[in-house]
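Undergrad: I am attaching a structure below and will ask some questions about it afterwards.
The values are calculated or read from the model by the stated rules, or taken from the named source; none is laboratory data. Remember, it's a predicted structure, so these values are computed and weren't measured experimentally. Methodologically, a virtual Cβ is constructed for each residue, glycine included, from the backbone with ideal geometry; neighbour enumeration extends over all protein chains shown.
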Amino acid sequence: MAATGARIRVPVAVACRVLGLSTQGYYKWLNEPVSKRDYDDAHAINALHEIHEDDPTLGYRFLADELADAGITASENRVHRLCRIAGIRASHAGRRGKAGKPGPRVHDDLLAYEDKHGRVCHDFTADAPNAKWLTDITEHPTGEGKLYLLVTWNHAAVRLLVPRRH
């Protein structure tokens, strides 16, 4: 098991025991260092990386079609396994999971009062400008990140303030 020309020769059984390997596995590797499947998988992974660099939006099903065009036969399941091993993923956003429960409401009692039937109502009327302002912010997920829309409304003056993007 020692390197060719080394002064110290170590028996295979001792070296395998120290390294935590089986002697049977060592001799199998010695006869065939790389299996045909591993060799073919490595070539397919290299081709998948090249295809993925050209078009990173392709999923494993389209990558399987592109591999077939390149002359490498592989099923979709095999391509899926190889993509998982190589860490190749489509760059588009996949399905999102269900959103979690919303957090507690903020200022739920803002401008609130109870009417004569015991229902909660909100009074948004204003007698003068700058007496009551309303605002709302909304989050919109996009491909480039999150977009936040903020609206501020002066109810009595009937003016809408739109912030500018700098």
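Undergrad: Quick check, is ASP40 within 17 Å of ARG89 (Cβ to Cβ) and charged (D, E, K, R)?
TA: In short, no.
Undergrad: May I pose another question? Conditions: (1) exposed (fewer than 10 other Cβ atoms within 10 Å of the Cβ); (2) closer than 27 Å to LEU82 by Cβ. LEU48 meets all but one. Number of the miss?
TA: Only one criterion is unmet by LEU48, namely (1).
Undergrad: Kindly provide the set of residues from the range 76-111 that are of a type in the set (A, V, I, L, M) and modelled with pLDDT of 75 or more, ordered by number.
TA: Within the range 76-111, VAL79, LEU82, ILE85, ALA86, ILE88, ALA90 qualify.
Undergrad: Give all pairs with beta carbons closer than 6 Å in which a residue from the range 32-60 that is in contact (Cβ under 8 Å) with a residue 24 or more places away in the chain and of a type in the set (Val, Ile, Thr) meets a residue that is part of a helix (DSSP H, G or I) and surrounded by 15 or more Cβ atoms within 10 Å (Cβ to Cβ); count only pairs at least 6 apart in sequence or on separate chains.
TA: If the second residue must be part of a helix (DSSP H, G or I) and surrounded by 15 or more Cβ atoms within 10 Å (Cβ to Cβ), the pairs left are ILE45/LEU82; ILE45/ALA86.
Undergrad: Separate question: Does SER35 fit the bill of being outside the structural domain of THR138 (by TED's automatic domain parsing) and either in contact with a strand residue (DSSP E or B) (Cβ under 9 Å, 6 or more places away or on another chain) or at pLDDT 85 or above (or both)?
TA: No.
Undergrad: When you scan the range 54-73, how many residues do you find that are in a helix (DSSP H, G or I) and under 18 Å from ASP41 (Cα atoms)?
TA: Adding up the residues that qualify gives 10.
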